[in-house]
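Working notes, beginning with the structure itself.
The values are calculated or read from the model by the stated rules, or taken from the named source; none is laboratory data. Predicted model only: the values in this text are computed from it and were never measured. Don't worry about glycine lacking a Cβ; one is built from the backbone with ideal geometry, like all the others, and counts go over all protein chains shown.
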Amino acid sequence: MDPARITRARIAASLLFLTNGAIFSNLLPRLPEIKDMFELSNAMYGLALIAFPIGGVVAGPLPAPILRRFGTARTAAVGSVLLATAVCVAGSVPVLAVFGAGLFLAGVLDAVVDTAQNAQGLRVQRLAGTSMINSMHALWSVGAVIGGLMGTGAAALHVPFVWHFLTSAVLFSAVAVLAMRWAVPDDPDSHAAAQAESVPLDTAGLPRLPRGTGAALLALLPIAVIAMSGVLVEDVGSNWSAVYLRDVLSAPVGMVGLGYVSLVGAQFVGRILGDRLIDALGAVLVTRIGGVLILVGLGAVALVPAPWVALAGFALAGFGCATMVPTAYAAADRAPGLKPGTGLTLVSWCMRIVFVISPPLVGLFADAVGLRTALFVFPFMGVLAFLFAGALRVRGRS
């Protein structure tokens, strides 16, 4: 394919990632206001938030057949427009049932969009013949920073919810539609061939193909653990950092949204550097280093009750988790013995299951012993990533 065409396709995929990161992140800095508006305890707040990941879990089997029917680019772009609409409704209507329903629908749509944009990005990566999926995920982090700053600014200026979220929806829907025009069409035959050439390596570095679909699915589990560890670091930043900074550390209103911004900002840096680091050091070592950074960073957040230390800790954890989800997605996409899109869909589904479990458990624990103590569970996501990193020894046959 023409290099200029590949460049445009890479920009298109990156814009889809940016849009996905920005849409929901606009909501996050305003969650403390929504918590107060509905007079929710920590436990009830956690229960309200799981509407989003429940939608993702319910959507579990949807992405793969939708991608095969409509294509990755169209699914990602149209899904992004619908996602922006759902978030706008959830954030703008001051009714708890509408908030929950909007989050649920947003979760369904996000599951489809997430799988579609990753499939499109990996398609471009295969055409280019060089690693670039981490840099695409870096644009998701850019979008998350943009959305987080928009939400933080809107909260500080007391912008009405409806105008804030309507502006966000229109802006990022336009970006998604533009990206669809530059994307590359899918090629199921070449995707299947790439999967057929993919082989996991055993501890001695020798090829080892799973036998049957059951073995192929089982081989995805440790990859899913790594992805889940990475997204749970994002979870503490998105769902709890603003509440923690405001209610536990007494940070000013203009600072409460910066915990999430610092996490995804550092994550962006990690993803920009990620492809080169993985090429130089290998996915296993990079993931293990990231696990250590998560342990140290989130450990500092929970141990030291100071806002600026918390921001630094969130940033360190964001840098540590930067490559975990894209690397796990790349490994799952190339897992042999599965239909196109199936590995991505299953790993994404597993990630969303832990999103359902995490908020209510943290909320209940926070009401019982305090939010600061409840956050001590998150540093151990780094330990899990360190232990399961060996599952990323997946390569394609040359």
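Conditions tested, residue by residue: (1) modelled with pLDDT of 90 or more; (2) surrounded by fewer than 20 Cβ atoms within 10 Å (Cβ to Cβ); (3) under 30 Å from A366 (Cβ atoms); (4) more than 23 Å from the chain's Cα centre (by Cα).
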| residue | (1), (2), (3), (4) |
| --- | --- |
| G212 | no, yes, no, yes |
| L217 | no, yes, no, no |
| I226 | yes, no, yes, no |
| E234 | no, no, yes, no |
| Y244 | yes, no, yes, no |
| G254 | no, yes, yes, yes |
| A266 | yes, no, yes, no |
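In segment 98-112, is there at least one residue being surrounded by fewer than 24 Cβ atoms within 10 Å (Cβ to Cβ), without any contact (Cβ under 8 Å) to a residue 24 or more places away in the chain and under 27 Å from V236 (Cβ atoms)? Yes, some residue in segment 98-112 is surrounded by fewer than 24 Cβ atoms within 10 Å (Cβ to Cβ), without any contact (Cβ under 8 Å) to a residue 24 or more places away in the chain and under 27 Å from V236 (Cβ atoms).
Criterion applied to G274, G290 was being buried (at least 24 other Cβ atoms within 10 Å of the Cβ), touching a helix residue (DSSP H, G or I) at 6+ places or on another chain (Cβ under 6 Å) and modelled with pLDDT of 95 or more, and the one residue passing it is G290.
Residue pairs whose Cβ atoms lie under 8 Å apart, separated by 6 or more positions or on different chains, with the first residue in segment 377-390 and under 8 Å from I294 (Cα atoms) and at pLDDT below 90 and the second of a type in the set (S, T, N, Q) and part of a helix (DSSP H, G or I), do not occur.
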